[in-house]
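I have placed the structure first, in the form of structure tokens, so that the comments after it can refer back to it.
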Amino acid sequence: MHLGDIGGRHVLDALRGATERIRPVWIRLGDKDSDRMGLMRYGNSVGVECLGLIGDFEYEGQRVIAVHGDDRKLIDDSSTSNNTTSSSAGTS
């Protein structure tokens, strides 16, 4: 899982190699990702699932919230239900 500030297709290309060894591979867009739609489309084309701006998904029976940065309100609002695991990455 890559939690934001993808930076470009070169990062998605590197993650594409991981999809052969690790399934699934997720990305979450960050505040510095300007071509969000392009990155989402390209990621999907190379087998990397894009979670958008707030990643909310289930993995092995657990709800996971993947956010970028340290927005405590966003994290708290997203994790109000039971069985939630939060992952976040600090901004640069």
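Worth a mention:
- Residues of region 2-22 that are within 13 Å of residue 42 (Cβ to Cβ) and assigned to a helix (DSSP H, G or I): 9, 10, 11, 12, 13, 14, 15, 16.
- Here region 1-22 is the region considered, the condition is being modelled with pLDDT of 85 or more and acidic (Asp, Glu), and the residue that is surrounded by the most Cβ atoms within 10 Å (Cβ to Cβ) is 5.
- Single residue of region 23-71 satisfying the filter (in a strand (DSSP E or B), among the hydrophobic types (A, V, I, L, M, F, W, C) and free of Cβ contacts under 8 Å to residues at least 60 places away in the same chain) that is surrounded by the most Cβ atoms within 10 Å (Cβ to Cβ): 27
- Scanning region 28-45 for residues that are modelled with pLDDT under 90 and over 13 Å from the mean Cα position of the chain (by Cα) turns up 32, 34.
The values are calculated or read from the model by the stated rules, or taken from the named source; none is laboratory data. Note that this is a predicted model, so its numbers are computed, not measured. Positions of Cβ are generated from backbone atoms using ideal geometry, with glycine treated the same way; all protein chains shown enter the neighbour counts.
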